[in-house]
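S.K.: Okay, here's the structure, questions in a sec.
Read the figures in this text as sums done on the coordinates, not as results from a lab. Note that the coordinates shown come from a computational prediction; the quantities given were computed from them, not determined experimentally. Using ideal geometry, Cβ is built from the backbone for each residue, glycine included, and neighbour counts are taken over all protein chains shown.
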Amino acid sequence: MAAAVALAILAGACGSSKSTTAAASDQAAPATEGTPVDGGSLVIGVAAETAGWNPHSSEWAQYGSVVGSSVLEPLATVGPDNGAKPWLATGWIANDTFDTWQITLRQGVTFQNGEKFDAAAVKMNIEDAISGPLSGQALMGLFSDISVVDDHTVLVKLAQPWAAFPSSFLDGQTTMMMAPEMLKQADHGDKHPIGTGPFTFDSWSPGDTFKVKKNPTYWQEGKPHLDQIEFKVMPDNTSRSAALETGDINMMLTTSAADANSMATDFTVLKDWDTEPAMIMTNTIPMIGTTPNPLADVHARKALAYATDRQAIATAMGEGVLSPTSPFSSTNPWGRPDAENGYPDHDLDKAKAEVAQYLQDSGASSLSFSLAGVADVDTSKIMQLVQSQWAEAGIHANIESLESTAFIGRAVKGDYNAALFQLYSSPDPDQNHYFWSKDTIKGYGGVNINFTQFSNDQMEADLATGRTSGYPDVRKQAYDDLVTQLNQSAVNIWLYWTPYSIVADKSVHGLQAANDTPWGNFQPKTWLADLWHQ
């Protein structure tokens, strides 16, 4: 929830592949399940949804991406290797300079209202993304022309080389295809989604339920297996797990490690526990309005890093929860061993020394600032723990617990000192470009997608290489260097990997596709058609 606006802008932040660490591999992975049985329904509990169903204009948080994927589908999906895999597009090819891409589309697909899924519809969708109030901010200046070659071929011309185009754009929320009729509505279909997905929209009671029913003309033969799904919004972890145990819901998504661990014996539990890092994100601008910002000083930020006992915080989140030192886990193709990331270990003496250096340089009498987060039980618990750890080093943090919309607004405007975020969860690092680029720094009061407002020339060079190079090893080296830059300046104070889990009644089957790919992120979910219930 904390990063919903920017995650919608990007169609996902940047992060990890499916983990092979102990924390994520000790799950009750679905076994061979035999022949699917058609019919029946599911009730799925989710912690939140979204304000609307056009991802170009509405803030799709993690749970919104699950719900929305029942109706809408992307051009490409994420494969087990984190790369883009054909879905509604069957292939793509670039010119030698990666600034022109030809996309070939799947034939025989129709939208749920009977309209043809063809090149004209794809062109309309991409143009809607470019002009979208949210997505357009991230795509600004990247596209020069979208043209129809024939009914099943689209030619995309870019304003700059973009070698990462398939895994950064084609498999993201931005290319979830919407029917032309949906896009022509006054609200661009925000209240009534029409896509090519396995289920058709039935009804929506905002903040309560979103119901879909089987799409009889779905392009995947024999799917979906279910007749209907009801997504039930249940913000409270305790109520959600209780509903699953009593059978009021059949499946839930949760970030409660305690629930996932305790329910593993009687339920099927899938863990994606190293995809999305949680962190204290620091605002590095000198002034917040008319007030000096202590965290603009690198010594103040390093004091926070040294004073934070990451392992204790991860343990507080639950058994098996791990702590990151990078946006990418050590098992991720883009990651490296924690020891190589250059992030400081917990050291109270060094924290005190950095506080002293800050006080000497600034002339301040204390290192004092506000720590913001959303007003929920888990966030409050972690902020209080961080606050107490920092106090041991002489750091004074005033906790601000905010309603989620207010929190997001403050973060985007740069109106905060430090904030507890969960971010960087999409499979390709280039999707993180906007969170790190100087081009998305607008200063206090502006719309900042780079929340930290931190950048330097070396990071800009790394981002350019990561976007334009066609060589994976060259891209990897660039992102390794970028992580080093961030950690040397202590921009993010790493805390724990978010323990995303799917917990399902043993009567729910067809979860293998979800188990094979990273799903604790904001990417489209293309496995809902596989689910069946018996």
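S.K.: Using label points projected 7 Å from each Cα along Cα→Cβ, tell me how many nm separate Asp96 and Glu403, to one decimal.
M.R.: Roughly 5.8 nm, to one decimal.
S.K.: Here's a follow-up. Arrange the following residues from fewest to most other Cβ atoms within 10 Å of their Cβ: Thr325, Thr275. Walk me through the numbers on the way to the answer.
M.R.: Working: Thr325 24, Thr275 27.
Fewest-to-most ranking of Thr325, Thr275: Thr325, Thr275.
S.K.: Based on the Cα gyration tensor of the stretch 413-534, what are the three equivalent ellipsoid semi-axes, each the root of five times an eigenvalue, rounded to whole Å and given largest first?
M.R.: Working: eigenvalues 225, 74, 34 Å².
Listed largest to smallest, the semi-axes of the stretch 413-534 are 34, 19, 13 Å.
S.K.: Got a sec? How would Thr110, Thr290, Thr308, Thr238 order by Cβ neighbour count within 10 Å, fewest to most?
M.R.: Thr290, Thr238, Thr110, Thr308
S.K.: Continuing with this model, one more query. When DSSP beta bridges are limited to those with both residues in the chain, what percentage is antiparallel, rounded to the nearest 5? Each step should come with its number before you reach the end.
M.R.: Values: 55 of 74 bridges.
Restricted to the chain, the bridges split so that about 75 percent are antiparallel.
S.K.: Would you grab the residues whose amide H sits under 5 Å from the one on Leu367? Only those 5+ places off in sequence or on another chain, please, with H modelled 1.01 Å from N.
M.R.: Residues meeting the amide H criterion: His396.
S.K.: If you don't mind, there's one more thing I want to ask. Report the Cα centroid-to-centroid distance between the stretch 249-273 and the stretch 33-85 in angstrom, as an integer.
M.R.: If we compute the Cα centre of each part, the gap is 18 Å.
S.K.: Right, another one. Using modelled backbone amide H atoms (1.01 Å from N, in-plane), which distant-in-sequence or interchain residues come within less than 5 Å of Gly510's amide H?
M.R.: Trp532
S.K.: Go through the stretch 325-332 residue by residue and turn each phi into a ³J(HN,Hα) via Karplus (6.51, -1.76, 1.60, θ = phi - 60°); whole Hz please, and just put x for glycine and proline.
M.R.: With coefficients 6.51, -1.76 and 1.60, one gets 10, 6, x, 10, 5, 5, 8, 7 Hz.
S.K.: Normalised by the empirical 2.2 N^0.38 Å for globular proteins, what value does the Cα Rg of the stretch 45-178 take? Before the final figure, lay out each step's value.
M.R.: On the way: Rg = 14.5 Å, N = 134, 2.2 N^0.38 = 14.1 Å.
Expressed relative to 2.2 N^0.38 Å, the Cα Rg reads 1.03.
S.K.: By counting other Cβ atoms within 10 Å of each Cβ, how are Trp527, Trp60 ranked from fewest to most? Intermediate values should be presented prior to the final figure.
M.R.: On the way: Trp527 20, Trp60 30.
Arranged by neighbour count, lowest to highest, Trp527, Trp60 become Trp527, Trp60.
S.K.: Over the alpha-carbon set of the stretch 277-497, work out the extent along each principal axis and list the three values in angstrom, largest first.
M.R.: Ordered largest first, the stretch 277-497 gives principal extents of 50, 41, 36 Å.
S.K.: From Cα coordinates alone, what are the radius of gyration and Dmax values for the stretch 342-461 in angstrom?
M.R.: When restricted to the Cα atoms of the stretch 342-461, Rg and Dmax are 16.1, 44 Å.
S.K.: Can I ask one more? How much net charge surrounds Lys223 when only other residues with a Cβ under 15 Å from its Cβ are counted (Lys, Arg +1; Asp, Glu -1)?
M.R.: Details: positive: Arg106, Lys213, Lys214, Lys525; negative: Glu33, Asp38, Glu73, Glu221, Asp227, Asp530.
Around Lys223, the charge tally is -2.
S.K.: Antiparallel DSSP bridges in the stretch 277-497: what percent, to the nearest 5?
M.R.: Working: 12 of 22 bridges.
Once the DSSP bridges in the stretch 277-497 are tallied, antiparallel ones form about 55 percent.
S.K.: List the residues whose amide H sits under 5 Å from the amide H of His346, counting only those 5 or more places along or on another chain, with H placed 1.01 Å from N in the peptide plane.
M.R.: Amide H neighbours of His346, under 5 Å, 5+ apart: Arg310.
S.K.: Rounded to whole Hz and in sequence order, give me ³J(HN,Hα) for the stretch 174-184 from the Karplus expression 6.51 cos²θ - 1.76 cosθ + 1.60, θ = phi - 60°, writing x for Gly and Pro.
M.R.: 4, 9, 6, 7, 10, 4, x, 4, 5, 5, 7
S.K.: Taking only DSSP H segments of four or more residues, each worth -39500 (n - 2.57), what value at 222 nm results for the chain once the sum is divided by all its residues, to the nearest 500 deg cm²/dmol? Walk me through the numbers on the way to the answer.
M.R.: Numbers: 17 runs with 152 residues, N = 534.
The helix-only estimate for the chain comes to -8000 deg cm²/dmol at 222 nm.
S.K.: Hey, any idea what the orientation-averaged projected area of the convex hull of the stretch 194-310's Cα atoms comes to, in nm²? Provide the component values of the computation, followed by the final result.
M.R.: Working: hull surface 51.7 nm².
That works out to 12.9 nm², a quarter of the Cα hull's surface.
S.K.: So what J values fall out for the stretch 256-263 if you push phi through Karplus, 6.51 cos²θ - 1.76 cosθ + 1.60 with θ = phi - 60°, rounded to Hz, Gly and Pro as x?
M.R.: Computed from phi, the couplings for the stretch 256-263 are 8, 5, 4, 5, 4, 6, 6, 9 Hz.
S.K.: Between the stretch 303-363 and the stretch 102-169, what is the separation of their alpha carbon centroids in Å?
M.R.: Result: 41 Å between the Cα centres.
S.K.: Further question: Can you compute the equivalent ellipsoid semi-axes for the chain, i.e. the square root of 5 times each eigenvalue of the Cα gyration tensor, sorted largest first and rounded to whole Å? Walk me through the numbers before you get to the answer.
M.R.: On the way: eigenvalues 275, 153, 82 Å².
In descending order, the three semi-axes are 37, 28, 20 Å.
S.K.: List the extent of the Cα atoms of the stretch 167-217 along each of their three principal axes, largest first, rounded to whole Å.
M.R.: 32, 27, 23
S.K.: Which of Ile93, Val46, Pro80 sits farthest toward the positive end of the charge dipole of the chain, with +1 on the Cβ of Lys and Arg and -1 on the Cβ of Asp and Glu?
M.R.: Farthest towards the positive pole: Ile93.
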